[in-house]
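**Student:** Below you'll find the structure I mean.
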Amino acid sequence: MDLMDPRDPMNPLDQVTARTWLAGAVEEARAGLAEGGIPIGAALHGPDGTLLGRGHNRRVQDDDPSMHAETSAFRAAGRQRSYRGTTMVTTLSPCWYCSGLVRQFGISRVVIGEAVTFHGGHDWLAEAGVEIVLLDDPECVAMMRDFIKNHPALWNEDIGE
Ligand SMILES: [Zn+2]
């Protein structure tokens, strides 16, 4: 593969692609909010950019505390032979559980909407060689700030506090 080919998993992701992918995760987050859930969305993209799966936090909807946005997208993608070159896109900095999933399966890159309202494990992932693209997206920040203000108990339950 050509060194400048954006499909090459070794090349850093461009901002336009990162923001386009984030929009898909935001749609998921908004769908979750509309269902009465926690507004965190995620999407898993393949090395060539193909969308493999999308999902959102379903703690409330499924009464399942293990169904985080990233887990949901990961499960929607089904079995993959390898996660090398794949990108997990998430509206919020991944918690330890989801950061562990990224490490466990060797996902190469994580695109993060924001890490202002919650700072998860992305520094740890970066130290381990995972490419981190932190977008500081104001829409994602506003969405979580509104949610935390309106549902503090549910938010504290989700982050285990
Ligand atoms: Zn998580």
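The values are calculated or read from the model by the stated rules, or taken from the named source; none is laboratory data. Predicted model only: the values in this text are computed from it and were never measured. Note that we place each Cβ from the backbone using ideal geometry, even for glycine, and neighbour counts take in every protein chain shown. With ligands, DNA and RNA removed, areas are computed over all heavy atoms of the protein, side chains included. Shrake-Rupley method; radii C 1.70, N 1.55, O 1.52, S 1.80 Å.
**Student:** Determine the dipole magnitude for region 1-149: charges of +1 sit on the beta-carbon of Lys and Arg, -1 on that of Asp and Glu, nothing else is charged, the reference point is the Cα centre, and the result goes in debye to the nearest 20.
**Tutor:** It comes to approximately 400 debye.
**Student:** Further question: Sort all Cα-Cα distances of the chain into consecutive 5 angstrom bins from zero, then give the percent of pairs in each bin up to the one containing the longest distance.
**Tutor:** Reading the bins upward from 0: 2, 10, 20, 24, 21, 13, 6, 2, 1, 0, 0.
**Student:** What relative contact order, as a whole-number percentage, does region 93-161 give when Cα pairs under 8 Å and 6 or more residues apart are counted?
**Tutor:** Working: 72 pairs, mean separation 22.3, N = 69.
Reported relative contact order: 32 percent.
**Student:** Can you give the Rg to Rh ratio for region 99-161, taking only C-alpha atoms and Rh from Kirkwood?
**Tutor:** In region 99-161, Rg relative to Rh is 1.02.
**Student:** Something else now. Given charges of +1 on the Cβ of Lys and Arg and -1 on the Cβ of Asp and Glu, with all other atoms neutral, how large is the dipole of region 80-155 about its Cα centre, in debye to the nearest 20? Don't jump to the answer; show the numbers that get you there.
**Tutor:** Working: 6 positive and 8 negative charges, 74 e Å.
Using only the charged Cβ atoms, the result is roughly 360 debye.
**Student:** Quickly rank 57-70, 129-142 as a protection proxy: mean count of other C-beta atoms within 10 Å, highest first. Don't skip to the end; give the middle numbers.
**Tutor:** Values: 57-70: 18.9, 129-142: 16.1.
Answer by packing, highest mean first, reads 57-70, 129-142.
**Student:** Could you point to the residue in 13, 122, 78 farthest towards the positive end of the chain's charge dipole, with +1 and -1 charges on the Cβ of Lys/Arg and Asp/Glu respectively?
**Tutor:** Of the candidates, 78 comes out farthest on the positive side.
**Student:** Roughly how far apart, in whole Å, are the Cα centres of region 91-161 and region 24-70?
**Tutor:** 12
**Student:** Per DSSP helix of 4 or more residues, -39500 (n - 2.57); summed, then divided by the residues of the chain. What does that give at 222 nm, rounded to the nearest 500?
**Tutor:** Taken over the chain, the calculation gives -12500 deg cm²/dmol.
**Student:** Could you pull the Cα extents of region 71-129 along its three principal axes, largest to smallest, in whole Å?
**Tutor:** So the extents along the principal axes, rounded to whole Å, are 34, 23, 17.
**Student:** I've got another one for you. When the accessible area of region 1-113 is computed with all protein chains present and a 1.4 Å probe, what percentage of it is carbon and sulfur?
**Tutor:** The nonpolar share, carbon plus sulfur, comes to 54 percent.
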